[in-house]
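Heads up, the thing below is written out as structure tokens.
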Amino acid sequence: MPDLFAPLRPEMESIRDGVVLLAGFADSGTLLPYIRTLTTEAPFRHMVTPGGRQMRVAMSNCGPLGWVSEPTGYRYAPTDPLSGKPWPAMPAVFRDLAARAAACAGFGIFEPDACLINRYETGTSLSPHQDMDEADKNWPIVSVSIGVSAMFQLYGNIRGGTPLNIPLHDGDILVFGGPARLAFHGVRKLAPAQHALTGSRRFNLTFRRAR
Ligand SMILES: O=C(O)CCC(=O)C(=O)O
């Protein structure tokens, strides 16, 4: 069933210097079967932070490198610690989507080598954080929203303050880089809602260049 609230045509909005929202840029119907296959190979799991807390967002990865949180710290790993096997390959449609989004948003060529796959259930939030584990911060971050809408919270480059609340809907892509590359950001608790393709869940693909 088509999502009656999805925008008819993608729209580009400059949110602030270095942050661009591409509304309705991605087709979740195309992406979801890949997410299902990838997470059969490398299942979603709740990683543990260096502080010993289990993350509420369930995560997996695809691509040459995967972001991992462990009691010993955060890192990019070529293999899945659960299986010892390489992360599943990044599908060409994922890579192309991320590259097109970055180019459209004005960031030029983007060649991601890591795709973090996030899954949110009702009530799940993501605490404010900076994406700090990548070697070269000149590459942007490309973040794709799928399913139930969420409120993304964008802060400045230092912790705290009042966030800018950005509603993200199915198919939206947020690209941030340049002066906003190290902006703190998080996601508010997912409100109870239903999406035709994901039920009560939200998925997010975060594309990064780690090395
Ligand atoms: O789910 C989102 O929209 C953001 C995800 C995120 O910030 C991250 O994975 O670092």
Quiz prompt | Total charge dipole magnitude, the chain, about the Cα centre, Cβ charges on Lys, Arg, Asp, Glu only, Debye to nearest 20 | solution = 460 debye
Quiz item: What list of ³J(HN,Hα) couplings, whole Hz, do you get for the range 173-178 from phi and the Karplus terms 6.51, -1.76, 1.60, once you set θ to phi - 60° and write x for glycine and proline?
Solution: 10, 9, 10, 9, x, x
Quiz item: Out of the range 99-174, which trypsin sites (Lys or Arg not before Pro) are coil in DSSP terms and have no more than 10 other C-beta atoms within 10 Å?
Solution: 159
Quiz item: Taking 0.36 nm per intervening residue step and subtracting the Cα-Cα distance, what contour gain separates residue 136 from residue 103 on full extension?
Solution: 10.1 nm
Quiz prompt | Inter-centroid distance (Cα atoms) of the range 61-113 relative to the range 157-175, Å | solution = 21 Å
Quiz item: Which of the listed residues, 207, 46, 177, is farthest toward the dipole's positive end in the chain, when Lys, Arg count +1 and Asp, Glu count -1 at the beta-carbon?
Solution: 46
Self-check item: Cα-based shape type of the range 133-194, given that a ≥ b ≥ c are square roots of the gyration tensor eigenvalues and the cut on a/c is 1.5
Solution: oblate
Self-check item: Compactness relative to 2.2 N^0.38 Å, alpha carbon Rg of the chain
Solution: 0.94
Exercise. Per residue of the range 128-139, in order, report the coupling 6.51 cos²θ - 1.76 cosθ + 1.60 (Karplus, θ = phi - 60°) as ³J(HN,Hα) in whole Hz, putting x for Gly and Pro.
Key: x, 7, 10, 8, 10, 8, 8, 5, 10, 7, 6, 6
Exercise. Grab the beta carbon distance between residue 56 and residue 157, set R0 = 22 Å, and tell me the FRET efficiency rounded to 0.05.
Key: 0.35
Exercise. Evaluate E = 1/(1 + (r/R0)^6) for residue 111 and residue 77, where r is the Cβ-Cβ distance and R0 equals 22 Å; express this FRET efficiency to the nearest 0.05.
Key: 0.70
Quiz item: When the helices in the chain are scored as -39500 (n - 2.57) per DSSP H run of 4 or longer and the sum is shared across all residues, what 222 nm value do you end up with, to the nearest 500 deg cm²/dmol?
Solution: -4000 deg cm²/dmol
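None of the figures in this text is laboratory data; all of them are computed from the coordinates on show. On a predicted model such as this, the values are computed, not experimentally measured, just so you know. Counting neighbours? That spans all protein chains shown, and the Cβs are built from the backbone with ideal geometry, glycine included.
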